[in-house]
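Down below is the structure, laid out as structure tokens.
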Amino acid sequence: MAGIFKSQGGFAVTPHKVSVCILLQIYAPPAQISVPFPFSSVAQHNRLGLFLLALTKSCDDILEPKLEELINQLREVGGLLDHWLIDHLTSRLSSLASPDDLFNFFSEMRGILGGPDSGVVEDDQIILDPNSNLGMFLRRCVLAFNVLSFEGVCHLLTNIGMYCKETLSNCPYGAPELDDTRNDLETLPEYESMDLENLVFEKVSEEIEARKRTTQSIPFHFHVPEALSGLVEDVDVLSFPKCKSTSKAKEGYSYSHSLSNTSRDIDPSGSAFLRTNWQMQGYLDAQAEKIEKFGSLFSLNAFELVLKQLQKMAPELHRVHFLRYLNTLYHDDYFSALENVHRYFDYSAGTEGFDFISPGSGCNSFGRYEIALLCLGMMHVHFGHPKQALEVLTEAVHVSQQQSNDTCLAYTLAAIGNLLSESGFSRTSGILGSSYSPLMSMGISLSVQQQLFVLLTESLRRAESLKLKRLVASNHLAMAKFHLMHVQRPLLSFGPRASVKLRTSPISVCKELRLSTHLICQYGTESSTKTTDGSFSTAWLKNLQKPAGSHVLCRDNESGNNSSELPFFAQPTSIPGSVLQLLGSSYLLRATAFEIYGSAPLARINAILYATCFADTSSSSDASLAYVKLIQHLAIFKGYKEAFSALKIAEERFLSLAKSRILLLKLQLIHEHALHRGCLKLAQQACNELGVLASSVTSVDLDLKTEASFRHARTLLAANQFSEAARVAHSLFCLCYKYNLQVQNASVLLLLAEIHKKSGNAVVGLPYALASLSFCQSFNLDLLKASATLTIAELWLSLGPSHSKRALNLLHGAFPMILGHGGLELRARAFIVEAKCYLSSPTFSVSEDPEVVLNPLKQASEELQLLECHVRKY
């Protein structure tokens, strides 16, 4: 009997589609001219038309909204007519009480379509074009209803009753009560247990409890077996602790709101038609994007139950194993992730679910072993196993070459380049091989930095030749990061050589960033074929309820609800999420580059731009990085009180992120503030916490290890333990030099100079400060260069009054950069050193010109007053 309810092409009449048809009848009523009732203007009429256009396109998506969601969308779009539209919709739905009512309703629907049989049409009469989007949708609904048998019509009528009952029971618009006999659970056929779309997420726990109290836990899709309905009721989207108050839950960037808007608790379509494989693949791809976006915030157990049901009902859908692999991967379950990635490739041989590999490339009777190796290598990267990842990815390079899979080879080379860039390798001889580097085949030994440059260049060349637009953009970003952090040296150490300036090139960084953004705009040839127009329109509709404007680090979300204006500017574009992520990454890298170069305003602008425009498409890790940059800017330029207030908001928005950037930032702020207030015990506690995060027991990156050691040395310096501080700083310098972390070396050298300055060995500290200054010039670290110049001036000043003039000249040379881009502490320190220079000068008399000393001291006091503002609680 299942075939009775299945329409041609998989399109079936559902209660939601009936609701859209009712709204279409309001939009284009038959035999009315000009602007129809109840619209008062053309703009108001057109607004409903645009809304209906998005609704009809979203009907092709795998899930349909409930009546309650449709009513909420009408409130956003309807403006002054929202009450009339909602009342008309609910009353019209409740009036469909018999099969005859449905037959009469669809007969009326034919009257609003234009055509050769529509008779004489007035010039300003509103008639739907049968070939338009709205007309085609209406024709499909009429056709799907016409092919239904009488049992199918009765089934649709029952679904409409259930569709209305759950929403209208608490509706303030006075809809009539529905007959309870239409909701009898015993009248349902057995075949309806095959509907897969009911296995989705519940919204929030409050709505679950309310539904249990009012409907005795009866799910909306009543044709689901009891086992599955009980399963759905236990599904929760996110696993995080509840906020302390409802107002706080509304303040932040809540992942609960984002994910509950994209995952439905129950599908209200009420139909028994089957989903196409195209729709299921698109749905699973969308869930994969959500897993990658929300990471550990995505509910592990709830989605695992959904995947089990999908696997039971569609065993040939091997993509389920890959989704289970992603789900366990982002929840740091190593053994389950390893088991599922092996199971996926054992069942599918890598031939399902990878859009970046063309069907004819590298596919033989043994499957795609090279893609399995690529996934396994990326899994090792995620779990912090760089050596195992490098070995697996190197084998993937060889297999890709043997199978002539150029696409997989390009992606593998890019993955190795990212691994070398992110992880610390002192040498890679004997691991990478020599098949893709002509210099290695010549027997020339290359450093890790040179090998990284060769890999990035080769991967970029292959991606451009294969027209892999997204990979090209990603490689341009990697090249920009390489030029930002490394001084490019010649690969050959013999032969004629032109004069080379050992400096980084900001021009090359900006060029690569611009190329990445330019190429992302040409993504069309590589966009996923599974991204349906309906899913885009569904995202468009969900965005109607989002507040307009930026809410970054802001507690006031009480923007006025002006429902008379449709916020088109807040709607998403049709660009795929992966492309938007790359575009957002370019702005994050811009912020990092300007932060390193010392331009605080530009770094802040790019971070705000990312947090405002790309928060919905970015991963939780990237979004937290943008917030970290903004909070660090507040701490440096506004003081710790503002920074801790913003940190509290960020902690509410990024919940349950173990070892996250937010936790690291909190420890950094506590440590900095404790040092400034002289609370060495609290500073040591923060260092100990950082040491736990950087423990060798768990896999960490070198940046975290260097950060922990750097702050440990600063704590020892504040405690006047100069020898211990110098020892820790020296070992940190050796570590950075071993792994080619030259930018960090500039800060470590400056710290060594500070240690020797405070210990009274200015002569020993000068070489370190000068070496740090040389590093800053090579890597264009302008603000750090100004700080190093300030330290050199202090060292000269500590050598005696005779050097005060030289120190003052150095200080005045660094003043433009310090005052223009320096923070509160650096500016106050510079003012204090200036006053010391004047006081130490033998030719200066305080009694003759006291303002020369008092003015900088007064300015330093104002800067430190903002910085040292008391913070009650961390």
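Which of rounded, prolate or oblate describes region 686-802 when judged by the alpha-carbon gyration tensor and an a/c cut-off of 1.5?
oblate
What full-extension length gain, to one decimal in nm, is calculated for LEU866 and ASP849 as 0.36 nm per residue of separation minus the Cα-Cα distance?
Full-extension gain reported as 3.3 nm.
Estimate the FRET efficiency between LYS858 and PHE722 by the formula 1/(1 + (r/R0)^6), using the beta-carbon distance for r and 45 Å for R0, to the nearest 0.05.
About 0.90, to the nearest 0.05.
What FRET efficiency do you get for ASN761 and GLN685 if R0 is 51 Å and r is their Cβ-Cβ distance, rounded to the nearest 0.05?
Here the calculated transfer efficiency is 0.95.
Could you order GLU512, GLU370 by accessible surface area, starting with the largest, using a probe radius of 1.4 Å?
Largest to smallest exposure gives the sequence GLU512, GLU370.
Starting from the Cα-Cα distance between LEU300 and CYS734, subtract it from 0.36 nm times their residue separation and give me the gain in nm to one decimal.
Gain on extension, LEU300 to CYS734, equals 152.0 nm.
Quote to one decimal, in nm, the extra length available between LYS511 and ASP100 on full extension: 0.36 nm per residue of separation minus the C-alpha distance between them.
Here the segment from LYS511 to ASP100 would lengthen by 141.2 nm.
Enumerate the calculated ³J(HN,Hα) couplings along region 305-321 in order (Karplus 6.51 cos²θ - 1.76 cosθ + 1.60, θ = phi - 60°), each rounded to whole Hz, writing x wherever the residue is Gly or Pro.
5, 5, 5, 5, 5, 5, 5, 5, 8, 9, x, 7, 8, 6, 4, 4, 5
Would you please report the Å³ per residue occupied by the convex hull of the alpha carbon atoms in region 743-865?
In region 743-865, the Cα hull volume divided by residue count equals 101 Å³.
What distance in nm lies between label points placed 7 Å from Cα along the C-beta direction at ARG503 and VAL692?
4.6 nm
Calculate the FRET efficiency for LEU143 and THR612 from the Cβ-Cβ distance with a Förster distance of 35 Å, rounded to the nearest 0.05.
That pair, LEU143 with THR612, gives E of 0.20.
Please work out the average accessible area per residue across region 737-874, using the 1.4 Å probe convention, and give it in Å².
Ligands and nucleic acids excluded, the figure is 49 Å² per residue.
Please compute the contact order of region 593-695 in relative form: average sequence separation of alpha-carbon pairs under 8 Å and at least six residues apart, divided by the residue count, as a percent.
18 percent
The values are calculated or read from the model by the stated rules, or taken from the named source; none is laboratory data. Bear in mind the structure is a predicted one, so any value in this text is a computation, not a measurement. We place every Cβ from the backbone using ideal geometry, glycine too, and count neighbours over all the protein chains shown. The protein model used for the area step is the full one, side chains on, heavy atoms only, and it has no ligands, DNA or RNA in it. Shrake-Rupley method; radii C 1.70, N 1.55, O 1.52, S 1.80 Å.
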